[in-house]
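Each remark here refers to the structure printed beneath this line.
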Amino acid sequence: MYELEHTELSEKVYHLLKKMILNREFIGGQRLDLNDLSQKMNISRTPLKDAVNRLVLEGLMEVKPRSGTFVTSLKKSDIEEVSEIRLMIEQWCVSHLTEFKAQKLVNTLEEILEDFKGTLAVTPFPFESFLELDIRFHNEIVQAADNHRMLEQYRSINSFLYAARIYFFQSYERSISGHDEHNAFVQALKRNDIKDACAKLEEHIKNSKINMIDHLTENGGVL
């Protein structure tokens, strides 16, 4: 019974800390005082350490020897490396789709595209809602491969970019072009043209990478 309660508490602390990072209540490079956090949350250090360890594995926090625990900063090389991993995973998943699974995925993605259109028509532009749909769109691509370990890893690396995207990269113009690129990918998949679908996916992820790096550069090269 004690272990169950501890596990549930660790889970709650993990989600709370992650939400605070993604909402930029904690910013890149900020040192976190774990003693202070445990007192403010009225919890012991154990569930807090468990939560921090999970966030370290996801790349959202880092522990520096003799220095402490920090919120991870985002650099150009991070965007490049994560984008390469995203492309590798997503293209692999698409290239291994059967025709049946491809068409099933098309049906799901077309529903998300309709939701995309709805957010683009709203003023002011609800970027957070659009970003959530973007994450869902790409998760569905990976999920279609029915490889749960791969999906888990994919979600972890995307968490690393989410915080910076939601706070700094709120471009309406890029969101429109991203939506068009999503649609082009779905149309290729609908024709069961896997080769073209992979090409469209590569173009989309590379354009997103370039956009993020441009914004990062405008903010001094690190977030």
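Derivation of every value follows stated rules applied to the coordinates shown; laboratory data play no part. Bear in mind that the values here come from a model prediction, so they are computed numbers and not experimental data.
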Non-local amide H neighbours of Leu32 (under 5 Å, H modeled in plane, Pro and chain starts lacking H): which ones?
Thr69, Phe70, Val71
So the angle from the long Cα axis of helix 99-120 to the longest Cα principal axis of the chain, reported in degrees to the nearest 10, equals 70 degrees
How much length would be gained if the chain were fully extended between Lys40 and Asp115, taking 0.36 nm per residue of separation minus their Cα-Cα distance, in nm to one decimal?
23.1 nm
Which angle from 0 to 90°, rounded to the nearest 10, does the C-alpha axis of helix 148-168 make with the longest principal axis of the chain?
80 degrees
May I ask you to list the aspartates and glutamates whose Cα is less than 17 Å away from that of Lys49, ignoring any residue fewer than eight positions away on the same chain?
Glu3, Glu5, Glu8, Glu11, Asp33, Asp36, Glu58, Glu62
Would you mind calculating the relative contact order of segment 76-218 from Cα pairs under 8 angstrom and at least 6 residues apart, reporting the percent as a whole number?
38 percent
So what's the back-of-envelope 222 nm ellipticity for the chain, counting only DSSP H runs of four-plus at -39500 (n - 2.57) apiece and dividing by all residues, rounded to 500?
-25500 deg cm²/dmol
When N counts the residues of segment 2-71, how does its alpha-carbon radius of gyration compare numerically with 2.2 N^0.38 Å, as a ratio?
1.05
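Please compute the volume of the convex hull spanned by the alpha-carbon atoms of segment 94-199 and report it per residue in Å³.
Dividing the Cα hull volume of segment 94-199 by its residues yields 93 Å³.
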Flagged as over-length at 26 Å C-alpha distance, from Lys76/Lys117; Lys19/Lys76; Lys76/Lys101, the pairs are Lys76/Lys117; Lys76/Lys101
